[in-house]
Every structure is written in C-alpha cells, then in structure tokens.
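Notes follow once the structure below has been shown.
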Amino acid sequence: MPNGNEPRKHTIPVLVENKFGVLSRVAGLFSARGYNIESLSVGETLDPSVSRMTLVVRGDEFVIEQATKQLHKLIDVIKVTDLTDESHVERELVLIRVNAEPSNRAEILRTADIFRARVVDVTPVSFVLEATGDEGKLEALIELLRPMGIQELVRTGKVVIARGPKTRVRRVEAPRKPRVADDPRVVGFAD
C-alpha cells in the first residue's frame, strides 16, 4: 500500500454545470499549478445541464488533496470525488489500425477475438479494431499487435463509475407544462 508520499495515478470524477468555459477553467486550474492531466473524458449525464469529467492525474496525496480543494472552489463544480481507492468499474476505448498483410490476417483476428475486440473497418491492407477495457487489457492488446505493424492508434480517456449504490438514483422527468395557477401574477384562479 502506498504511503501517500509516492506519486501515483488518481482517478477523479467531477460533476460540473454543462456550460461553456468550464472545461477550460478545470484544465487551467491544473496547468497553473504544474499538474499534468494524463487523461480527461467529458460527457453529459442523465441531466443535460450537468456534465461529468473524469480526470486521471498523477501526484502524491498532498497534491491531489490541494487540487480537489481548488476544484471545489470553482463556481461551476457541483461535486468532486477521488475513486482511486474506492471500488469502481473503469473502461477505456481504443481504435487501432493495424497492417493486415495476408500472412498476419488470421493472427490479428485470433488476437482480436481473445481480447473481445471487434473489427470495425477492413481495407485490402489494414484492419481497424475497436476494444474496450481497463488500461492493462488495452496495453496487452497493443503489445501483441505491435509486431504486426500498428499504423495508427487512438485512445479515449478513462471513464469510471462507483460500484454499488453510491449515489441516489435521480429520474429525469419530462418537463411539466406550466399551469396558469402556477403563475404568481394570477390571483384567485380556480382549476
């Protein structure tokens, strides 16, 4: 178990208001303090007015604590958590264009099958594979495909979700039509 003084990767989900400039302010907070964001994924939640950022940042416990305190101070930030030591599910997506010479095609397809990767594009000279999983799984797939000739590789950032009922489930309801009786300017209206 790390003692807290050793720099290590921390996975920090941040709920933010879905407004322009929020991503820039969060990234600026880290860069201004000399912290490198190793991975960043952003997307809308069930509530379209809220986005979830997943940051992967390397640092010791003190650095991460300072960064999360600074995040809490940003106006558009709703909630910050550090799931590094919590039970969670994490995934990344990778797209890999690999040379598909006739002598390697069967081996590429076997390797893809083992890692549950899908072939999403085929040309006479290449395959594009799509794979999802944790960082270790994707690294292993890349290493096995490297000798066959990787032409291009694209990875998303890590996305995470806590295991179990960590948060209250909130249902998104259809917007309700305003009634005349709800208008504070209307007095004495009977339904």
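The values are calculated or read from the model by the stated rules, or taken from the named source; none is laboratory data. What you see is a predicted model; the values in this text were computed from it and never measured. Here the Cβ positions follow ideal geometry from the backbone for every residue, glycine too, while neighbour counts run over all protein chains shown. To get the accessible areas, we keep the full protein, side chains included, count just its heavy atoms, and leave off ligands, DNA and RNA. Shrake-Rupley method; radii C 1.70, N 1.55, O 1.52, S 1.80 Å.
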Quiz prompt | Subset of 9/73; 9/69; 19/158 violating a 19 Å alpha-carbon distance limit | solution = 9/73; 19/158
Quiz item: Whole number please: convex hull volume per residue of the Cα set in the range 42-136, in Å³?
Solution: 154 Å³
Quiz prompt | Sites residue 87 and residue 123 - FRET efficiency at Förster radius 30 Å, r taken between beta-carbons, to 0.05 | solution = 0.10
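Please calculate how many Å² of accessible area the range 16-92 carries per residue, with a 1.4 Å probe and no DNA, RNA or ligand atoms counted.
Details: 4330 Å² over 77 residues.
In whole numbers, the range 16-92 has 56 Å² accessible per residue.
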